[in-house]
Structures are given as C-alpha cells and as structure tokens.
1. Take the residues in the range 208-235 that are away from ligand 1 (no atom under 15 Å from the Cβ) and more than 17 Å from G173 (Cα to Cα), then tell me which one is surrounded by the most Cβ atoms within 10 Å (Cβ to Cβ).
2. Across the range 15-32, which residue is farthest from the chain's Cα centre (by Cα) among those that are within 16 Å of ligand 2 (Cβ to nearest atom), closer than 22 Å to I70 by Cβ and not hydrophobic (A, V, I, L, M, F, W, C)?
3. Residue by residue through the range 378-437, note down the ones that are closer than 23 Å to L365 by Cβ, in contact with an Asp or Glu (Cβ under 6 Å, 6 or more places away or on another chain), outside any strand (DSSP E or B) and not polar (S, T, N, Q).
4. Across the range 114-129, what is the total count of residues that are surrounded by fewer than 22 Cβ atoms within 10 Å (Cβ to Cβ) and either outside the structural domain of N150 (by TED's automatic domain parsing) or of a type in the set (A, V, I, L, M, F, W, C) (or both)?
5. Out of the residues in the range 65-107 that are more than 16 Å from K188 (Cβ to Cβ) and among the charged types (D, E, K, R), state the one that is nearest to ligand 1 (Cβ to nearest atom).
6. Considering only strands (runs of 3 or more DSSP E) fully contained in the range 1-89, which possess at least 1 residues that are surrounded by 21 or more Cβ atoms within 10 Å (Cβ to Cβ) and small (G, A, S)?
7. Of all residues in the range 385-408, which are of a type outside the set (S, T, Y), buried (at least 20 other Cβ atoms within 10 Å of the Cβ) and more than 18 Å from P434 (Cα to Cα)?
8. Scan G46, G30 and give me the residue that is more than 9 Å from ligand 1 (Cβ to nearest atom) and in contact with a strand residue (DSSP E or B) (Cβ under 7 Å, 6 or more places away or on another chain).
Amino acid sequence: MNGERYAIVLAAGKGTRMKSSLHKVLHPIGGKPMVEHIFSTLEQVGVNQIYLVVGHDADAVVERVGGRAIPVLQGEQLGTAHAVLQTESFLREKEGITLVINGDTPLVTAETMKGLLSRHQETGAAATLLTTKLDRPTGYGRILYDEMGNVAKIVEEKEATPAEKMIQEVNVGLYTFHTKFLFDAVKKIGNKNQQGEYYLTDIFPILQEMGQKISAYRTENQQETISINDRIALSEAERILRKRINETHMKEGVTLQDPERTYIDADVRIGRDTVILAGTHLRGNTRIGEGCIIGPDVEITDSIIGDEVTISHSVLIESRVEEKTTIGPFAYLRPNSKIGKKVKIGDFVEIKNSSVGDGAKVPHLTYVGDAEIGARVNMSCGSITVNYDGVHKHKTVVEEDAFIGCNVNLVAPVTVGKGAFIAAGSTITDPVPPGALAVARQRQVNKENYVAKLMAKKKGE
Ligand code: UD1
Ligand code: CA
C-alpha cells in the first residue's frame, strides 16, 4: 500500500424502494449483507481504516456489520455530500487518499478499485471517479466532459435535460479523493437542486475552481457497477455474484453440473475434483473437501465436510462429516452432529447433537439425538434414541461394535456396552453390559387353533 488510505462507505439512506424493515445494506447477497462485500473488497485492496456512515436503522446496521468499520452517525440524511462531511473530525488531519463508495454498490471488484487508485496516482488528480457506460442509464448521474476531455461535472437524473439524459456514461458511486482537499471542497457544495440535497457529485466543478485536476476511470464490466435500490436489482446482483462465485470454483477444479442451479455463498470453500450436482445450496462458512459428490438437492449450512464424501437429497446444519462417508438420500443432520469416517447415514435418518464413530451404519428410519454412537455400531432400521422425557434431554451412549436391532428404543439416559446386541423391538431402559444380549419385550405367545375355536363359538351363538 502506498501511503495512507482511508475509505468512507455511505449507508445512512433509507432505501425506501426496498420496502423493507431490514436496512438496505443489510440485505444479503451471496449469503451475507451487501455492505460486507464492500468491506471485503476494501480490505483486499488495502485501507488503514473504513468509516461507515449510518443514519436510518443505525443501531441495527452497526450491530450487524459494525465490527469492521468505525461507525459515523449522520443524524439527518441531507445527501451524499453531507454524509461524507460527517467523517471530517476523523479524517481532516489525515494524509493520502480517501475512497468514498455508496453502500448499495457491492459488486465492484478489487481489480477495478486498484485500477481506479492507479489512475488517481498516475494522473495526479485531486479526485478520480469510476464510470461505466450503460445501455439504460436511467437513475444514474451522467458524466459531462469539457472540450479538453476532462470531467466537467455530473448531472443527476432529476436535474438532467433531455439531451443530458441521452448520455450513457454514468457515475458508479465510487471515488478517490486527495484527503487534503476533500472537506474544504465538500463544504462548498450547496443544496439548490430538485431534491434540496447536498450532492457529493457537485464536488467536481468545485475542485476544478480550486485549481485541481479531476480524472475518470471507466470500467467495461457493467455488471460490477449495479446499485441496489430495489428487490429487482437485488435479485440481479445475486445472479451476477452467483455466476462470479461459481466460475471461481470451476476455475479451481470443482465440477458444477448446472451452475445456474447451484447456490454457493461467498465464503464457502470447495476442494478439487468435487462434483456439485444441481439444486445444491452451500451456505455460510461451509468447507467441502476434495473428490466429494454433493447433490442433487442438498442444503449444507456452516458445516465441514471431509474428502470423498457423498451426500444426496439431504440437509446438514452446523455439522462435521469426515472422509469417505455417505449421507442420504433424505437425511437431516441438525446442529452439532459429528459423523466419522466411512460411515453410512441413509434415508430418513435424523441426527442431532450427536457423534457417530468411524465405520458405523445408520442406514434407515432412525433418530439419533444427544447420543454418542461408537465405531462400527449398527443402528438398524427404526431404532431410535428416546432422549426427551418431556422436561429434560438425556444422553445415550452406544459403545463400539454394538448391534442395535430394528425398532429398538434406547430410553436415555442409558448406555449400551461394547459389542452388546439388542434384540429387535426392545425398549431399553437399563444399562446393557458389554458383550451382553438384551431382550426387552414381551415374549411371544401362540395360542394353537385359537381362530378355529373362535369361529366355532360364533356359529354356536
Ligand atoms: C448516487 C449518485 C449518482 C450515482 C449513483 C450510483 C449522488 C448525489 N448521486 O445516486 O450520481 O449514479 O449513486 O449508484 O451521490 N446516503 C447517505 N446519506 C444521505 C444520502 C445517501 O449515507 O444523506 C447513502 C445511501 O444510503 C446510499 C448512498 O449514499 O448507500 C447513495 O445514495 P442514493 O440515494 O442511493 O444515491 P443515488 O440516487 O443512487
Ligand atoms: Ca443508489
């Protein structure tokens, strides 16, 4: 990083067009609040400090994303120039460059930001702004150049004449300023316009009058310049980001069967030669190993999956699965499930807050809750842990190599010893010693010829 560099992220506006009780910059794209994407990009580019200007729903915004920036309150939202002015006491004495970015423009890439900064340095300008050419520029500020080819001013949509509205080159809402000149110039901005607002975009002619040079940096990548004002733009941004994320994974050696139907959050990591089948959602801080087959129709949230794991038609939340295990179809792993190596978790199995040891099998129709299932245990069809007595949750321990027969109830708290065998249909309420056979059900009674006798009796009536 050359010299000092600061960033101001503007996020005080109401975002009326979102029609939401959630602040605009907190609406997630790629699984996290849009403003966090801006923070990540700024951090990647390298800044000494980020200032986040907040106003509407300031508390909610600061609580959710405030950790990475110094919040600065703009009590009344009088416009983008007024928003920048609120940071004066923090930045007035600083050297170097200050980046200003609108909080609703989350897709600008680090590459473009770096390009903008280099242009700013090369040209020795006091301000450099990012522009792009749009087929439909409606709503954006238009860029006007003078005869020398320098930026003369920006005209906002509401102020633009019909001829100016034809201009396709627009202001993206990302600027670099020489910190030294920023506040003196911002203070000269007035609010005599259609909106009665202090427009930051009016700073350019003022800087020129101060004898400073303005330069522009144009990106050809229109997709990164989208500003999210409503839910239609939000879905568009989501689509653009999804494509970007998916392509990054494919370039790193992950196969996506159908990228348009694969939903991967921004912070997910996936190992090489893993195949993601259609309808899969990978969320939050999920990590997937190498050589896995995930999908179709799998949802994994905040989980860690080892190498060569196969998961189909299943939902996993805050869980860990080790290598060479297969999950599904139709399994549900709830928080804090820890599944070992070479385990089989089959259809209609729910696991919650439990560990399942290496090589164990839970093939079908089983509930395992608050349990420790040892290595190589077999939980047969329909076996369940009875972990809840209506008031408290209790723990079940099944030691290694035990065999739990079909339709067994393990009434917790209870322990089944190493290598023990539980007969099908048993309801186990007492500890089972290692190596024992436990049968806990009524013995079968056969009444010979009972049916014939009953019929004869009926006829006689
Ligand atoms: C702004 C630009 C416009 C540009 C467009 C790009 C101005 C005057 N116009 O328009 O040239 O083409 O972005 O998307 O800057 N904000 C505050 N305090 C305020 C007002 C706004 O913090 O008092 C914040 C908003 O929360 C938002 C950002 O500044 O994140 C931009 O404001 P917005 O009202 O969305 O500006 P645009 O009309 O989109
Ligand atoms: Ca906007």
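The values are calculated or read from the model by the stated rules, or taken from the named source; none is laboratory data. Just so you know, these numbers come straight off a predicted model, no measurement behind them. Positions of Cβ are backbone-derived with ideal geometry, glycine not excepted, and every protein chain shown enters the neighbour counts.
1. Going through the qualifying residues, I end up with Q208.
2. Per the criteria, the residue is G15.
3. The one that is closer than 23 Å to L365 by Cβ, in contact with an Asp or Glu (Cβ under 6 Å, 6 or more places away or on another chain), outside any strand (DSSP E or B) and not polar (S, T, N, Q): K395.
4. Number satisfying all stated conditions: 1.
5. Top of the filtered list is D104.
6. Where strands (runs of 3 or more DSSP E) fall fully within the range 1-89 and carry at least 1 residues being surrounded by 21 or more Cβ atoms within 10 Å (Cβ to Cβ) and small (G, A, S), they are 5-11.
7. N387
8. G46
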